Each structure stands twice: as structure tokens, then as C-alpha cells.
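One structure below.
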Amino acid sequence: MIWASFMVVFLGWACFTMISQQSQIADKSADLAKKKQEQLSVEKTKEQLMTDVKRLNDPEYIGQLARKNFGMYKPGETPIHAEETGRNIGAELGYYSVDLSLRFMYNQITTAKV
């Protein structure tokens, strides 16, 4: 009788432990999947940032950004505005007068002999 009671208590404890461990494993697996997804997202962002860094080291790309965002252009270059808007956003925002130092730096970069 004592032996049967001991076996019932032992099997009850074993079942409880097994169910508890399975629950913990499921929780850890879900956490692992979430962390892997976050890692993929971070790696994708890192690759995009590395691409941006490479592009920003290119004087031609810097020139494109200066033209697009600030309305700057090279000496002797005539800016062309799209007809559907007919607006030069850079001029409307005052970039021609405010960013003279940027224009000077852009001209220095684009005309520099390497």
C-alpha cells in the first residue's frame, strides 16, 4: 500500500514536471522566433545603412541630393523644373539664400581634382 501511494505521488510529480517543462520550452521557442525576426530586421536595416554610407561617399550622389533636396546646381548648369508642379521647393523654402555655405562646399567637392 505504501508502495502504491509512493508511485502515485511520484507519477503525479513526474507528469507535473513534464507539463511544466513543455510549457517553458514552448515559451522559449516563441521568444527565439521573435528574436530571430528582430535579428533579420536589424540585419536588413544594417545593410540599408551600409548601402547609404557607400552612396554618401560618392560625390555624384551627393550632387544628386543637393540638386533634389536643396535646389543647388553646378556652375553653368540650368535647373529644369517639372511642369506638373511648376514649383521649385528648394527656392520656396529659402535654400538658395540659407545654404550658400553648402553650395560652396558642393562646388568645391564637384570641381576638386582627385
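The values are calculated or read from the model by the stated rules, or taken from the named source; none is laboratory data. This structure is a prediction, so every number in the text was calculated from the model and none was measured. Glycine gets a Cβ as well: all are built from the backbone with ideal geometry, and neighbour counts include every protein chain shown.
Taking the conditions (1) assigned to a helix (DSSP H, G or I); (2) of a type in the set (A, V, I, L, M, F, W, C); (3) surrounded by 11 or more Cβ atoms within 10 Å (Cβ to Cβ) in turn, MET72 satisfies each one other than (1). Of the listed requirements (1) farther than 30 Å from ILE80 by Cα; (2) at pLDDT below 95; (3) among the basic types (Lys, Arg), LYS68 misses just one: (1).
Within the range 70-79, is even one residue of a type in the set (Phe, Trp, Tyr) and touching a Pro at 6+ places or on another chain (Cβ under 7 Å)? Within the range 70-79, one or more residues are of a type in the set (Phe, Trp, Tyr) and touching a Pro at 6+ places or on another chain (Cβ under 7 Å). Among the residues of the range 15-27, are any β-branched (Val, Ile, Thr), part of a helix (DSSP H, G or I), at pLDDT 90 or above and more than 33 Å from the chain's Cα centre (by Cα)? Yes, the range 15-27 contains a residue that is β-branched (Val, Ile, Thr), part of a helix (DSSP H, G or I), at pLDDT 90 or above and more than 33 Å from the chain's Cα centre (by Cα).
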